[in-house]
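Q: Have a look at this one before I ask anything.
The values are calculated or read from the model by the stated rules, or taken from the named source; none is laboratory data. What you see is a predicted model; the values in this text were computed from it and never measured. Methodologically, a virtual Cβ is constructed for each residue, glycine included, from the backbone with ideal geometry; neighbour enumeration extends over all protein chains shown.
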Amino acid sequence: MLGAILALSAGGCSGTKSGTGGTGSMSMPAPSTTGSSASTVTVAIVGPNTSRSFDPNPAPAAQGALVVWHNMDTTPHRIVMNDGSFDTGNIMPGSSSQTMRLSSSGGSYHCTIHPTMMFGSINVATTEPPMPPGY
């Protein structure tokens, strides 16, 4: 069921900014009209249950990808990259984080509200996968 909500799509993304306490409305990020060619990875926050706290986990991403977290849980969460490269601020239930650009290597992240129960990673592909024969 969560698979239908998650998207790995082409184009930029803008969503409900809830870093300062969003509205709690159920909204998914909408495609941007800025013409960005980077892909966007949407990660669902499903609750504090260790490796299954995020879906997908690990999340696959292309180099230079954008990422947005969507809170499917009933409590607020705050996602921070372990290297300090970004912090979502509080994401209220039903809201999404700001769209953020990943570092070239991706990395691990955690929820600062539930640091020992909620953690994940984003794996960035360093090269394009080869095209299958016949293309």
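Q: Look at Gln98 and say whether it is surrounded by fewer than 18 Cβ atoms within 10 Å (Cβ to Cβ) and of a type outside the set (Gly, Ala, Ser).
A: No.
Q: Is it the case, given these coordinates, that Val80 is modelled with pLDDT of 95 or more, surrounded by 15 or more Cβ atoms within 10 Å (Cβ to Cβ) and at negative phi?
A: So Val80 passes the test.
Q: Within segment 88-125, which residues are more than 19 Å from Pro58 (Cβ to Cβ) and either of a type in the set (Lys, Arg) or without any contact (Cβ under 8 Å) to a residue 40 or more places away in the chain (or both)?
A: Within segment 88-125, Thr112, Ile113 qualify.
Q: Restricting attention to segment 98-118, does a residue exist that is at positive phi and assigned to a loop (DSSP other than H, G, I, E, B)?
A: Among the residues of segment 98-118, not one is at positive phi and assigned to a loop (DSSP other than H, G, I, E, B), which makes the answer no.
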